[in-house]
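The structure appears below as structure tokens.
The values are calculated or read from the model by the stated rules, or taken from the named source; none is laboratory data. None of these values were measured; they are calculated from a predicted model. We place every Cβ from the backbone using ideal geometry, glycine too, and count neighbours over all the protein chains shown.
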Amino acid sequence: GKIIYNGELKTRSDVKVDIEDRGYQFGDGIYEVIRVYNGEVFASNMHVNRLMDSAKMIQLKVPLTVAEIEALVKELIAEDKLRNGIVYMQLTRGVCSRTHAFPINEVEPVFVAYTKEMPYTGKVKPGVKGVTTDDIRWLRCNIKSLNLLGNILAKQQAVEASCDEAIQHRDGKVTEGSSSNVAIMVNGTLKTHPATNLILNGITRQVMLKLCADNDIPYVEEAFTVEEMMAADEVLYTSTSVEVTPIINIDGQSIANGEPGPITKSLQKLFSEEIERQCGA
Ligand code: PMP
């Protein structure tokens, strides 16, 4: 297959990572995951803009413009003949002799992107299980950083508990999943953590909130406690790969009657209509 390497399409096996790439050594870089449905990119501009924002927050100069990145992604999808899947892209601070501080001399950042197939059935996803865990991560979770050790340890806990996602909390308040955002439904109002430094402001989260606004589903961006979540009418999580999915059991306890709730189901339907609208899938 082909990949994008610093603005050019290359054969994957021709590209080598330097052992002193700062992404490889320090996780000094940022990334994005973009969904492709029916050969079309979903929320392309929002994702590439978030990549730019993340880059700015770590003082990383992006060697490409938003339009150039979007065009390269399209070229890659066409080259790979990708119908349904994802594009993974990352940007690292580049290659230089190992030292913590930024390189003194101008170093070219390293940009790579490649595709991966992921089926899309268009069917509503059934409910999954979650497990709660302490949020042990740093205080800049709004940056889509390559440093994912906290998230990895949380997800591993979920896997070991035979669950699909780890729901992290800090000082008793739910922040987000290990690779997703979490929302609850209480008395017909959706509640989700505000887009602060404590969470990644998910694109799926933003699209869902827009769908709420457009369809008279009340919502508030307010943190909620683990207790509130356990007693909620509905719990759901969102991400580029899971879209909108109900969480029906947490820490072995059913949420409400243990079935996906009606508002979550409406949001799943609205989200698939949005996919259809943007991608014709
Ligand atoms: N939070 C974290 C920590 C994530 O890794 C992700 C997935 N990238 C999300 C939230 C959801 O973001 P998005 O909807 O943009 O995929």
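Among the residues making up segment 171-218, those that are at positive phi and either touching a residue at least 12 places away in the same chain (Cβ under 8 Å) or not assigned by TED's automatic domain parsing to the domain that holds Pro246 (or both) are Gly172, Asn187, Gly188. Selection of segment 233-256 for residues being hydrophobic (A, V, I, L, M, F, W, C) and within 16 Å of the ligand (Cβ to nearest atom) yields Val235, Leu236, Val242, Val244, Ile247.
Of all the residues in segment 136-181, those that are part of a loop (DSSP other than H, G, I, E, B), buried (at least 20 other Cβ atoms within 10 Å of the Cβ) and near the ligand (Cβ under 10 Å from one of its atoms) number 6.
May I ask you to list the residues in segment 199-232 that are within 15 Å of the ligand (Cβ to nearest atom), crowded, with 21+ Cβ neighbours inside 10 Å and either among the basic types (Lys, Arg) or under 19 Å from Arg170 (Cα atoms) (or both)? Correct list: Ile199, Leu200, Gly202, Arg205.
Which of the residues belonging to segment 96-131 are free of Cβ contacts under 8 Å to residues at least 40 places away in the same chain and of a type in the set (S, T, N, Q)? Of everything in segment 96-131, those that are free of Cβ contacts under 8 Å to residues at least 40 places away in the same chain and of a type in the set (S, T, N, Q) turn out to be Thr99, Asn105, Thr121. Within segment 1-29, if we keep just the residues that are assigned to a helix (DSSP H, G or I) and among the charged types (D, E, K, R), the residue that is farthest from Glu75 (Cα to Cα) turns out to be Arg22. Candidates in segment 96-126 are the residues that are buried (at least 20 other Cβ atoms within 10 Å of the Cβ) and in contact with an Asp or Glu (Cβ under 7 Å, 6 or more places away or on another chain); of these, the one that is nearest to Gly280 (Cα to Cα) is Thr115. How many of the residues making up segment 161-216 are β-branched (Val, Ile, Thr) and under 14 Å from Asn151 (Cβ atoms)? The total comes to 4.
For Ser254, the conditions (1) surrounded by 15 or more Cβ atoms within 10 Å (Cβ to Cβ); (2) farther than 30 Å from Ile30 by Cα all hold with the exception of (1). Go through the residues of segment 233-250 one by one and say whether even a single one is within 15 Å of the chain's Cα centre (by Cα) and exposed (fewer than 15 other Cβ atoms within 10 Å of the Cβ). Within segment 233-250 (the criterion being within 15 Å of the chain's Cα centre (by Cα) and exposed (fewer than 15 other Cβ atoms within 10 Å of the Cβ)), the answer is yes, since at least one residue qualifies.
So is Ala223 modelled with pLDDT of 95 or more, at negative phi and out of contact with any helix residue (DSSP H, G or I) (no Cβ under 9 Å at 6 or more places or on another chain) or not?
yes
Hey, does segment 75-84 have a residue that's free of Cβ contacts under 8 Å to residues at least 40 places away in the same chain, under 19 Å from the mean Cα position of the chain (by Cα) and not assigned by TED's automatic domain parsing to the domain that holds Ile275? Looking through segment 75-84, none of the residues is free of Cβ contacts under 8 Å to residues at least 40 places away in the same chain, under 19 Å from the mean Cα position of the chain (by Cα) and not assigned by TED's automatic domain parsing to the domain that holds Ile275. Output the number of the condition that Glu32 fails; it satisfies all remaining conditions of (1) within 14 Å of the ligand (Cβ to nearest atom); (2) in a helix (DSSP H, G or I). Only one criterion in (1) within 14 Å of the ligand (Cβ to nearest atom); (2) in a helix (DSSP H, G or I) is unmet by Glu32, namely (2). Condition (residue is assigned to a loop (DSSP other than H, G, I, E, B), over 21 Å from Tyr120 (Cα atoms) and either under 20 Å from the mean Cα position of the chain (by Cα) or not polar (S, T, N, Q) (or both)) applied to segment 36-52: is it met by at least one residue? No, segment 36-52 contains no residue that is assigned to a loop (DSSP other than H, G, I, E, B), over 21 Å from Tyr120 (Cα atoms) and either under 20 Å from the mean Cα position of the chain (by Cα) or not polar (S, T, N, Q) (or both). Can we say Ala195 is more than 16 Å from the ligand (Cβ to nearest atom), in a loop (DSSP other than H, G, I, E, B) and farther than 22 Å from Gln156 by Cα? In short, no.
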